[in-house]
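The structure under discussion appears below in the form of structure tokens.
Derivation of every value follows stated rules applied to the coordinates shown; laboratory data play no part. All values derive from a computational prediction rather than experimental measurement. No Cβ is skipped: glycine too gets one built from the backbone with ideal geometry, and neighbour counts run over all protein chains shown.
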Amino acid sequence: MVTAATSGRRSLLSSPSRLDLVQNRLFEVAEDLSWRLEAWAILANHYHFVARSPDDPETLRRLVAKVHMTTAKELNALDGTPGRKVWFQFWDTRITFEKSYLARLAYVHANPVKHGLVSKATEYPWCSAAWFVESAPPSLVETLRRIKTDRVKVLDDF
């Protein structure tokens, strides 16, 4: 699981086109490096994702660096602020237990609700919740609905 924040926790992704930009780059780079995204939520000043690694999990740093580098350049071009620091840093957690994995999937899917952006996570276009409900087995969807995420320890004070 990865969490990343904008520099100064500024709301630099405060429009649909900017959220699309980060989401599209995340999808492209993850595919290029053979990471399989399983959950994501992209908000105005941070994002989370859960992904399965390829044979070489060391490519995670390259994945995040490329997403951050390309999106920073594009966002700075949009704002006429070349060289501005867009991203602060990222934090990653290797998930090794099934309960922890399921709790983090549920947490990421519910993140837009946690931050008060929507009442149902499936209504937020920059989150995997709707995709998950449509594509996952119904039993897994129901399992995640029952998981309480208030005890999941994720850096998310944005």
So for R0 = 30 Å, FRET eff. of residue 74-residue 150 from the Cβ-Cβ r, to 0.05, ends up at 0.25
Could you list the trypsin sites (Lys or Arg not before Pro) in the range 1-103 that lie in coil according to DSSP, counting only those with at most 15 other Cβ atoms within 10 Å of their Cβ?
-> 10, 84, 85, 94
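Could you calculate the FRET efficiency of residue 123 with residue 33 from 1/(1 + (r/R0)^6), where r is the beta carbon distance between them and R0 is 22 Å, rounded to 0.05? Intermediate values should be presented prior to the final figure.
On the way: r = 30 Å, r/R0 = 1.37.
The pair residue 123/residue 33 has a calculated efficiency of 0.15.
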Report relative contact order for the range 2-146 in percent, whole number only (criteria: Cα-Cα under 8 Å, sequence separation at least 6).
-> 28 percent
Radius of gyration and maximum dimension Dmax of the range 14-95, Cα, Å | 12.8, 39
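Nearest 20 debye, what's the magnitude of the dipole of the chain about its Cα centre given +1 on Lys and Arg Cβ and -1 on Asp and Glu Cβ? Don't jump to the answer; show the numbers that get you there.
On the way: 22 positive and 18 negative charges, 107 e Å.
Result for the chain is approximately 520 debye, rounded to the nearest 20.
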Mind checking which of 53, 135, 14 has the largest fluctuation in a GNM of the chain, springs on alpha carbons under 10 Å?
-> 135
Between the range 1-18 and the range 85-158, what is the C-alpha centre distance in whole Å?
-> 16 Å
Starting from the exponent 0.38 and prefactor 2.2 Å, build the expected Rg for the chain from its residue count and divide its actual Cα Rg by it.
-> 1.01
